[in-house]
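A.B. asks: If you scroll down you'll find the structure; I have some questions about it.
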Amino acid sequence: MSSFHSFSGRLQVVVCVMFSLLPGLCAEPSLPPGVAAALENMWRPPGGNPPGMVWIPGGVFQMGTNDPTNEICGGPDTMDDARPIHAVRVTGFWMDVTEVTNAKYSQFVAATGYMTVAERKPRAEDYPGASPDLLVPGSVVFSPPAFLISLSNALAWWRYVPGASWRHPEGPGSSIVGRENIPVVHIAYEDAEAYARWAGKRLPTEAEWEFAARGGKEGQRYTWGQELQPDGKWMANIWQGRFPTENKAADGFSHAAPVACYPANPYGLFDMAGNVWEWCSDWYRPDAYELDLKSSGRKVVVDPHGPAGSSSFDPKEPGQPKRVQRGGSFLCTDQYCTRYMLGSRGKGAPDTGGNHVGFRCVASTH
């Protein structure tokens, strides 16, 4: 049933009409090889793919995830904010095959002169009570402690580094020379949005992002299947070793990896798990799914765009509105953060990037 449910409702009608001579097809549909792709493409926009993008056909899927804590490698997080699991319909769209790279962002900055949030001097009125020493351009950088610590305080492994930005990912003295194909990082929400506008694109909704990450499959734990390491192979850039003090880099990378180093999902999208977090356009609330269900009358939720910004709420940091982030990063681990799992949610303050936060874009058909 799962492959059929990845189609839109109108495709269901087409299937029943075209294959009405096959007994029971609409009750228990099972399409011949190749038919699924052909039907999806019936509503594909004319012409070729926009450069660097693939067509995501849209359809209905089950959004969210169950509690993974009792699973092998499930991690300690019950992921309550990713429930109730509910049916969502998204309209087809184009999506970047990879996260936006340093090379692509450099083109944008060269054409526009844009200056990211991390490159601007913070205003004292925006950060009341902040030390004057910190009111300088910079960003937060992962800084592993020298000894084991409690995982209850994430601030213990983050440090505000003056001069850190997309051009200098680890701070002054670092650069992106030779790292052109690595995702751009230290990107605040408005920095990602500015690039998207310049490129004639936009940031994905949370529902679009999850639908695309699933690749037309239902019930999988990861973008590649059910096992974290099929045949012992690492399928994404995440943390191996004791977090946050020891990264064994068994997957080949200790920081962000060049895009497309790991296999693509069934839609041809790379790095939809791990590597760097990706901004979505939705404002965050832990009860967003329940609110969507209520507004839809407990029916299929159609093209949700999240709650209003004025109602954004994170119980772990009240008073700080946040945007949704998806996919996890190279810092995610089953000891602390398993947000590389399908259906899981992340969030971040819109004015904050970090050396594990990037983005990719989508484009509508109209």
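Throughout, read-outs are computed from the coordinates displayed, never taken from laboratory work. The model shown is predicted, which means the values in this text are computed figures rather than measured ones. A quick note on method: Cβ atoms are made from the backbone with ideal geometry, for glycine too, and the neighbour counts reach across all protein chains shown.
A.B. asks: Using 7 Å Cα-to-Cβ label points, what is the residue 133/residue 364 separation (nm, one decimal)?
C.D. replies: 4.8
A.B. asks: What's the exposure ranking of 187, 182, going from fewest to most Cβ atoms within 10 Å?
C.D. replies: Lowest count first: 182, 187.
A.B. asks: Excluding residues fewer than 8 places away in the same chain, name every one of the lysines whose C-alpha is closer than 17 Å to that of residue 347.
C.D. replies: Partners within reach: 316, 322.
A.B. asks: In what order do 147, 142, 330 fall by count of nearby beta-carbon atoms within 10 Å, going from fewest to most?
C.D. replies: In increasing order of surrounding Cβ atoms, one gets 147, 142, 330.
A.B. asks: Convert each backbone phi in the stretch 179-187 into a coupling constant with the Karplus relation 6.51 cos²θ - 1.76 cosθ + 1.60 (shift: θ = phi - 60°), then list the ³J(HN,Hα) values in order as whole Hz, x for Gly and Pro.
C.D. replies: Coupling constants for the stretch 179-187: 10, 5, 9, 8, x, 5, 10, 6, 10 Hz.
A.B. asks: Between residue 112 and residue 146, what is the FRET efficiency for a Förster distance of 41 Å, r being their Cβ-Cβ separation, to the nearest 0.05?
C.D. replies: After rounding to 0.05, the efficiency reads 0.50.
A.B. asks: Mind listing the phi-derived Karplus ³J(HN,Hα) values for the stretch 236-244, rounded to whole Hz, using 6.51, -1.76 and 1.60 with θ = phi - 60°, and x for any glycine or proline?
C.D. replies: Karplus-based 3J(HN,Hα) across the stretch 236-244 equals 7, 8, 10, 7, 10, x, 7, 8, x Hz.
A.B. asks: Rounded to the nearest 0.05, what FRET efficiency do residue 66 and residue 303 have when you use their Cβ-Cβ distance and R0 = 22 Å?
C.D. replies: For R0 = 22 Å, the calculated efficiency reads 0.35.
A.B. asks: Kindly provide the pair-distance distribution of the chain built from C-alpha pairs, with 20 Å bins from 0 and whole-percent values in order of increasing distance.
C.D. replies: Per 20 Å bin, starting at zero, the Cα-Cα P(r) for the chain comes out as 28, 58, 13, 1 percent.
A.B. asks: Please compute the Cα-Cα pair-distance distribution of the stretch 62-121 with 10 Å bins starting at 0, giving whole percents from short to long.
C.D. replies: Bins of 10 Å from zero give 16, 22, 22, 29, 10, 0 percent of pairs.
A.B. asks: Residue 322's amide H: which non-local residues (gap 5+, or another chain) put their own amide H closer than 5 Å, with H modeled 1.01 Å from N in plane and none for Pro or chain starts?
C.D. replies: Residues meeting the criterion, in which the H sits 1.01 Å from N, are 284, 313.
A.B. asks: How many nm is it between the label spots at residue 85 and residue 227, if each spot is 7 Å from the Cα in line with the beta carbon?
C.D. replies: 2.2
A.B. asks: Between residue 44 and residue 291, what length in nm is gained on full extension when 0.36 nm per residue of separation is reduced by their alpha carbon distance?
C.D. replies: Extra length from residue 44 to residue 291 when fully extended: 85.8 nm.
A.B. asks: Among 166, 277, which comes first, then next, by fewest other beta-carbon atoms within 10 Å?
C.D. replies: Sorted ascending by nearby Cβ count, the order is 166, 277.
A.B. asks: Over the stretch 301-359, what per residue volume does the convex hull of the Cα atoms give, in whole Å³?
C.D. replies: Once divided by residue count, the hull of the stretch 301-359 is 120 Å³.
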